[in-house]
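Readers should treat all values here as calculations from the given coordinates under stated rules, not as data from a laboratory. Quick caveat, the model's predicted, so the values are computed rather than measured. Virtual Cβ from ideal backbone geometry, glycine too; neighbours counted across all protein chains shown.
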Ligand code: SAM
């Protein structure tokens, strides 16, 4: 199946990605739970645990969307720390900000509309940066990685949580069937939006695998990079350090 994202000019791709997230923003949280059978919460929990975020830390949650990670980090950094939810899409950020404020999370969280490829932050700003299920959507991933390196403080850590390559071949077949046949239909029934969920499946297939992404991180400047597969590689957590 080719939804056409591989052949469109870059500007058009940026517009289409924006369209996808404008369109899913309102249903994003419920769809996440339905599509992953709630497992995205486990993947995120593990990411938060490995982040080592402590009171007083300054954290960037890039492509933060509706704020799952931001919420957990805000609790960890306390009053002396700060979390910045940064995202290119205003609709997603609006849903996230309303949700967090309704849950009493405020005071140490800021919201910024910015493109991962040209971050609106000075060099050496953050102790920890995360990008969860976001890098896949960025057009120039090398540039985004270089930007993430730039804004980390020396000693800082980047965590990239993203769909990756399933390691077991039988599982990979099942997963492909789920992604390209079941998932878009679920998108249609639950959110009346088949196209966005077909984009999701296609963007997952086109995303670099575990080793490729690790090499891209080193190429972008990271002094050390490693990854951890979760759920047999459906998702991988890459970690990079700036010395
Ligand atoms: N991190 C959240 C989570 O894990 O639930 C949201 C993930 S959502 C699948 C992907 C997010 O990436 C969207 O909110 C989208 O607007 C954002 N995004 C896409 N391209 C971006 C870019 N170039 N710069 C910053 N954010 C981007």
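Details
- Once the Cβ-Cβ distance of residue 153 and residue 11 is raised to the sixth power relative to R0 = 35 Å, the FRET efficiency obtained is 0.55.
- Expected 222 nm ellipticity per residue - DSSP helices of 4 or more, -39500 (n - 2.57), all of the chain, to 500: -14000 deg cm²/dmol
- Between residue 189 and residue 142, the simple label model (points 7 Å from Cα in the Cβ direction) yields a spacing of 4.3 nm.
- Rounded if a/c under 1.5, otherwise prolate or oblate - the range 18-68, Cα gyration tensor axes: oblate
- Taking label positions 7 Å along the Cα-Cβ direction at both residue 167 and residue 106, the computed distance is 4.5 nm, reported to one decimal.
- Acute angle (nearest 10 degrees) that the helix 194-206 long axis makes with the longest principal axis of the chain, alpha-carbon atoms: 70
- Highest-MSF residue in the chain out of 25, 118, 63 [GNM, Cα springs under 10 Å]: 118
- Acute angle (nearest 10 degrees) that the helix 141-151 long axis makes with the longest principal axis of the chain, alpha-carbon atoms: 20
- Taking the chain as a Gaussian network of alpha-carbon nodes connected by springs under 10 Å, the highest mean-square fluctuation of the residues 112, 66, 167 belongs to 167.
- Principal-axis analysis of the Cα atoms of the chain puts helix 10-24 at an angle of about 90° to the longest axis.
- Residue with peak Gaussian network fluctuation, the chain [Cα springs, cutoff 10 Å], from 42, 20, 95: 42
- Rounded Å value of the spacing that divides the Cα centres of the range 125-155 and the range 16-79: 15
- Gain upon complete extension [residue 178, residue 34; 0.36 nm per residue less C-alpha separation]: 50.6 nm
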